[in-house]
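The values are calculated or read from the model by the stated rules, or taken from the named source; none is laboratory data. Predicted model, so just to flag it, every value in this text is computed and none were measured. Heads up, the Cβs are rebuilt from the backbone with ideal geometry, glycines too, and the neighbour counts pull from every protein chain shown.
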């Protein structure tokens, strides 16, 4: 194995934070990877890592060499990207994972178009609302919605999130139109809750069009783990909800839903829609697929049209 390849392994060990994750990234076992790092240290004549049973730390030499390894690998990636740009088309296998709704609504149409355009591409898709371990499950790219957790994975933001508060016309007839966040949180809510994700906090300005925000706790007896059930319950007058617009399959006028508190600023709470991948270097296939998804969604995303004049609503928020 070349010194360049060994430096790449060293870089991945540090980036992933463990030998096990770096080994999984390259379909190697831990002992083989450890031997390659030791060979690199022998070749360079310096110790790069101080190892213990459960962890490691960079030596002073390791820190300096790591910095240069970054430069080297980025240069090699640039060279490969130039070469890839001259390829006629993407080919090979791409393994994709995402949540169920996002995959069905936005990825599947892209996959269908992509495979028709590039007949030499093979696609494996896993849709699950539980987040997969991208490295150990050998996915090339995952599409994640929400606040991005700290990790050693590489992430590309492909769209902003855009929240709205909605209720059915029947719900408004029953309870009246709330005019303040305090009035709204006294009403029953339909809350999305799945695993470690529970969307029961609204971050709203304290005054109309204000810049001082406050968290408001939604109260409700109905919690659902999928978006379709949540929208169905809201349509049936069970409560209001906070929803990201990408979860709307059609305009709210067709769903008989009404936006609430549109003169208040509604924070997205640092959430977004991301393409996440395990390695610093994307293949042409992965980069082209991410680009195809982004093009399909559009900038701004086409789902903003599901609420009339949305970009004039919740003005002053990070939704705009």
* In region 127-172, how many residues are under 30 Å from residue 89 (Cβ atoms) and within 15 Å of the chain's Cα centre (by Cα)? -> 18
* Residue in region 232-241 that is assigned to a strand (DSSP E or B), more than 23 Å from the chain's Cα centre (by Cα) and more than 25 Å from residue 104 (Cα to Cα) present -> no
* Asked: Within region 269-300, restricting attention to residues that are under 16 Å from the mean Cα position of the chain (by Cα) and over 30 Å from residue 120 (Cβ atoms), which residue is modelled with the highest pLDDT?
  -> 272
* Asked: Applying the selection to region 1-29, what residues are loosely packed, with under 14 Cβ neighbours inside 10 Å and outside any loop (DSSP other than H, G, I, E, B)?
  -> 3, 4, 5
* Looking at (1) in a helix (DSSP H, G or I); (2) within 22 Å of residue 136 (Cβ to Cβ), which is the one condition that is false for residue 54? -> (1)
* Asked: Only one of these conditions is not met by residue 178: (1) touching a residue at least 12 places away in the same chain (Cβ under 8 Å); (2) outside any loop (DSSP other than H, G, I, E, B). Which number is it?
  -> (2)
* Asked: Got a sec? Which of 175, 216 is surrounded by fewer than 20 Cβ atoms within 10 Å (Cβ to Cβ) and over 26 Å from the mean Cα position of the chain (by Cα)?
  -> 175
* Inside region 68-164, counting only strands (runs of 3 or more DSSP E) that do not spill past its ends, which hold 3 or more residues that are free of Cβ contacts under 8 Å to residues at least 40 places away in the same chain and surrounded by 13 or more Cβ atoms within 10 Å (Cβ to Cβ)? -> 121-127
* Selection status of residue 210, farther than 20 Å from residue 255 by Cβ and part of a loop (DSSP other than H, G, I, E, B) -> yes
* **Given (1) free of Cβ contacts under 8 Å to residues at least 12 places away in the same chain; (2) surrounded by 17 or more Cβ atoms within 10 Å (Cβ to Cβ); (3) under 19 Å from residue 136 (Cβ atoms), index of the condition residue 33 fails** => (1)
